[in-house]
1. Among the residues of the range 217-243, how many are assigned to a strand (DSSP E or B), touching a residue at least 40 places away in the same chain (Cβ under 8 Å) and within 19 Å of the chain's Cα centre (by Cα)?
2. Mind listing just one residue for me: the one in the range 86-110 that is at pLDDT below 95 and of a type in the set (D, E, K, R) and, of those, surrounded by the most Cβ atoms within 10 Å (Cβ to Cβ)?
3. Restricting to the range 282-297, and then to whatever is of a type in the set (A, V, I, L, M, F, W, C) and modelled with pLDDT of 75 or more, can you tell me which residue is most open to solvent (accessible area, probe 1.4 Å)?
4. I'd like the full set of residues that are open to solvent by 50 Å² or more (accessible area, probe 1.4 Å) and touching a residue at least 24 places away in the same chain (Cβ under 8 Å), limited to the range 248-269.
5. If residue 79 satisfies every condition in (1) within 17 Å of the chain's Cα centre (by Cα); (2) crowded, with 16+ Cβ neighbours inside 10 Å; (3) at pLDDT 95 or above but one, which is the exception?
6. Of everything in the range 159-184 that's in contact (Cβ under 8 Å) with a residue 24 or more places away in the chain and assigned to a helix (DSSP H, G or I), which residue is surrounded by the most Cβ atoms within 10 Å (Cβ to Cβ)?
7. Which residue out of 201, 292, 187 is under 28 Å from residue 54 (Cα atoms), assigned to a loop (DSSP other than H, G, I, E, B) and out of contact with any Phe, Trp or Tyr (no Cβ under 6 Å at 6 or more places or on another chain)?
8. Looking only at the range 16-33, how many residues end up being without any contact (Cβ under 8 Å) to a residue 40 or more places away in the chain and open to solvent by less than 100 Å² (accessible area, probe 1.4 Å)?
Amino acid sequence: MSSYPKPPGGLPPQAALMTQRAVFTEAYAVIPKGVQRDIVTSALPGWANTRSWTLARPLSGFAETFAHLILEIGPGGGSDAPEPDAQAEGVLFVTSGAARLVVSDVAAKPSPGFTSSQKAAFAPIDAVLEAGGYAYLPPGAQWTLHCDGDAPATVHWIRKAYEAVEGVEPPAPFVTSDADLPIQWMPDTQQRWGTTRFVDPSDVAHDMHVNIVTFEPGGTIPFEETHVMEHGLFVLEGKAVYKLNRDWVEIEAGDFLWLRAFCPQACYAGGPGRFRYLLYKDMNRLPRLGRPGSFVR
């Protein structure tokens, strides 16, 4: 079974240095694992014996397309109605413990663009997700999540407002695991840089991807990627240096990065072991346009 980091909780000792690696800029943010402490957790309505760390949420000058939460669900805890927004899709990724996911239904038409054919194709899901377990939940899905074991479950929950397109059937829910899928290595990288893809990149039904990116020691992103996709990045394993806009920053397992659209980015994984991260990006939609007269005079 894979081993992934989880928030340390607690508090550092009073003798600890205050200065860490947290950075918040107009183009990117670094939220290191050391700041994911007990005093920044929140309880969530409808969730029992659960606390959460919110790493990203839609906010002026910050994330625009998604929210990223880490849930710590205690034994017997969880929710019978986790998602209050019928337009929201989600991805769950378990990093420790085990959580039981039940998807009992999918609404026929939770938003424009949905048809009854999606409901007809739906197959109920009842699965226990352990570390590395992954689930996609479309808008309108009726689902529950509980920790039935003796140890807490740590679950990443990434949420996005689904952008329906006329004539495109939204995806169906599914569950899988990091361990069950191959790494697809980038060409001409000698298998040093690759991606575990949980959905087909050419499937326009999906308007977001949450994948796992892997670098072997010495692997790089050898150019400054500058693109329309927004990113949320949680480091699952190892350490590296990342180019973010004008700056090189050191990151390690347990850290979170936010990169706004068009923030230049590159990476060098110096080792000694693999460097891996869970990566969100918005995909497969035309950019929304402003309209003349939208400014107040």
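1. So in the range 217-243, the residues assigned to a strand (DSSP E or B) come out as 220-225, 231-237, 239-243.
Still in the running and touching a residue at least 40 places away in the same chain (Cβ under 8 Å): 220-225, 231-237.
If we keep only those that are within 19 Å of the chain's Cα centre (by Cα) as well, we get 231-237.
Final tally of qualifying residues: 7.
2. Checking each candidate, the answer is 109.
3. Across the range 282-297, the extreme among qualifying residues is 286.
4. 250, 252, 260, 262, 268, listed by residue number.
5. That leaves (1) as the condition not met.
6. Among those residues, the one meeting the criterion is 178.
7. 201
8. Of the residues in that region, 3 qualify.
The values are calculated or read from the model by the stated rules, or taken from the named source; none is laboratory data. Not measured: the values here are computed from a predicted model. Cβ coordinates were reconstructed from backbone atoms using ideal geometry, including for glycine residues, and neighbour counts include every protein chain displayed. Ligands, DNA and RNA are excluded from the accessible area calculation, which covers all protein heavy atoms including side chains. Shrake-Rupley method; radii C 1.70, N 1.55, O 1.52, S 1.80 Å.
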